[in-house]
Every structure is written in C-alpha cells, then in structure tokens.
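Only one structure is covered here, and it is reproduced in the block below.
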Amino acid sequence: MKDLVILKNSVPLTTSLIIAEGVDIEHRAVMQLIDTYLKDLSDIDENNKTFEMLFKRKKGVAGKPTRYCELTEMQSTFLVTLMKNSKVVVKFKKGLSRQFIKIRDELSRIASQQNNEQWKAIRQSGKIDRRIETDSIKEFIDYATKQGSSSAKRYYANLSKMENKALFLVEHKYKNLRDVLGEVDLLTVQQADRIVSKALKDGMNDKLDYHDIYKLCKKRIEMFAELRGKSALNYLSCDTKELK
C-alpha cells in the first residue's frame, strides 16, 4: 500500500487528499465533511499545530490551487468514522491505522537508538571512516577531471548510492540512511566505506582510467555484499533530522 501517513515536524499526519483517494470519493466531499465538523476536529486534538487549511497546486496544472487539510491520527480516525463503512472505506481505515502504528513504533525505535551510547559510538566511528572515504573521493574527482570527466563531482553521490544498492534492499528514500541504521548495518557500511576508499587509492596508484576505477569499487563492494548478504530495510521514510 502506498504511503498514507507523512511526517511533518516530527508529527505523523495524513491529509484530506490522501483520505479522498483512499476511500475513493471526491476530495470536495471530504473537505465538506471537514468543514461541517471543523470545531470537533479542532477540539479532538488541540496539540495539532498544523491543523489549518492549506493550498496545494498539482504539478503541471494551471489555475487555482487545491484547498486541503492535514490531520493527526486522532483527527483522521474521527473523520473516517463519519463515513459509511463500505469495503473500500474499511480497507483504507485498516491501512491508515497500520501505518500510523508503524510510524509511532519507528519513531520510538529511532529515538531510543539515537540515545544508546553504543550506537552513538559506532555512528561516530563510522563518520571517521566516511571522512576518509570522502577525502579519497575528492582526490578521485580531481583525478577523473584531469582525465576529461565533466561531471566527476557526481561520484560523491554515485558511490554512496552504489554502496547502498549493493548492501541493502531499500524500501524508501532517506535524507541520511545512516541515521536510522541499526548497529550491525552501521558496521557494514563502515566496512564498505573502507573498501571503496582502498579501491579508489589502488586504481589511482595503478593509473587506471577513472571509469575502470569506479568499476573496481563496484566489483569489490558487490563481492563484499555477496559474502554478507543483503539487508532488507523498511525503516521510516522521513527526514531524520526531525528526530533529533
């Protein structure tokens, strides 16, 4: 099921647009229901500082933006109880409830993890190896540029994406994947950073073409990934800076 819940300022929310699509009715009808029970929705969760009417323009569509509303778990639960329980509505209610629970659990897990001293130590140690790797990438970028590359700076992102793709089955996009990884996966990434750093150094020392150096990095990471196996990641999809 697609994302039914979003995270805004560390608060799990859904929107009237998501609800309308999920229960398969016109968004206009959902907004009419919200307007009718506006006071009740406001009273039911006074902590919702984002409960206001917002406007959103669909990409590539001219004209007046769509008026919509963001709702907390309590507000959205109340709203959907006002709808007739068709099969579509019941299915949506179940999916929405599950995603709110999943995000609450994940927020709790990440907060607990980031307060764990052992996790902090591993994360900090990994940052040292990451800095060594980025220094090697910087040197490699200069190397590739001298060989004629016009987009060498992309290797900062491309090498990280290559590592993540080889090591993990990633369900979501992340602002910084390493901020949500568990201890074992953090240690894996740390090893991968060392492998990439050494491969870059080896390739440049051997005067290889920069394309071949990237292939060397990828080959070594894939061999490492084959030995350890891929980890399936279904962590929370959000900006992890919000969680600190």
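The values are calculated or read from the model by the stated rules, or taken from the named source; none is laboratory data. As the structure is a computational prediction, the values presented were derived from the model and not from experiment. With ideal geometry, Cβ positions are generated from the backbone for all residues, glycine too; neighbour counts draw on all protein chains shown.
Quick notes on this one:
- Residue selected from the range 170-204 under the condition of a type in the set (A, V, I, L, M, F, W, C) and without any contact (Cβ under 8 Å) to a residue 60 or more places away in the chain, by the criterion nearest to C217 (Cα to Cα): A199
- Qualifying residue in the range 53-70 (condition: surrounded by 11 or more Cβ atoms within 10 Å (Cβ to Cβ), among the hydrophobic types (A, V, I, L, M, F, W, C) and at pLDDT below 80): yes
- Contact annotation: residue pairs with Cβ atoms under 9 Å, 6 or more positions apart or on different chains, pairing a residue in the range 226-239 that is farther than 15 Å from I6 by Cβ and assigned to a strand (DSSP E or B) with a partner that is of a type outside the set (V, I, T) and at pLDDT below 70, are A232/E171; L233/E171; L233/H172; L233/Y174.
- Selection within the range 125-140 - in contact (Cβ under 8 Å) with a residue 24 or more places away in the chain and either more than 16 Å from K201 (Cβ to Cβ) or not assigned by TED's automatic domain parsing to the domain that holds A157 (or both): S125, G126
- Residue pairs whose Cβ atoms lie under 8 Å apart, separated by 6 or more positions or on different chains, with the first residue in the range 9-29 and assigned by TED's automatic domain parsing to the domain that holds K87 and surrounded by fewer than 15 Cβ atoms within 10 Å (Cβ to Cβ) and the second modelled with pLDDT of 90 or more and of a type in the set (D, E), do not occur.
- Qualifying positions in the range 142-199 - of a type in the set (D, E) and closer than 22 Å to I213 by Cα: D142, E163, D193
- From A192, A199, residue being touching a Cys at 6+ places or on another chain (Cβ under 7 Å) and part of a helix (DSSP H, G or I): A199
- Of the residues contained in the range 74-95, none is found to be of a type in the set (G, A, S) and modelled with pLDDT under 85.
- Yes/no for L167 being without any contact (Cβ under 8 Å) to a residue 60 or more places away in the chain, surrounded by 19 or more Cβ atoms within 10 Å (Cβ to Cβ) and under 22 Å from the mean Cα position of the chain (by Cα): no
- Residue within the range 212-220 that is charged (D, E, K, R), within 20 Å of S125 (Cα to Cα) and in the same structural domain as K153 (by TED's automatic domain parsing) present: no
- Some residue of the range 203-226 being under 24 Å from the mean Cα position of the chain (by Cα), modelled with pLDDT of 85 or more and surrounded by fewer than 16 Cβ atoms within 10 Å (Cβ to Cβ): yes
- Only listed residue being crowded, with 18+ Cβ neighbours inside 10 Å and under 21 Å from the mean Cα position of the chain (by Cα), chosen from Q75, Q113: Q113
- Every residue from the range 203-225 that is assigned to a helix (DSSP H, G or I) and among the charged types (D, E, K, R): D212, K215, K218, K219, R220, E222
- Among the conditions (1) more than 30 Å from A111 (Cα to Cα); (2) in a loop (DSSP other than H, G, I, E, B); (3) modelled with pLDDT under 85, the only one that I25 does not satisfy is (3).
- Contact map, the range 89-109: residues that are of a type in the set (G, A, S) paired with residues that are surrounded by 15 or more Cβ atoms within 10 Å (Cβ to Cβ), Cβ distance under 7 Å, separation 6+ or inter-chain. Pairs shown: G95/L4.
- Checking each residue of the range 98-115 against the condition of being modelled with pLDDT under 95 and not in a helix (DSSP H, G or I) gives at least one match.
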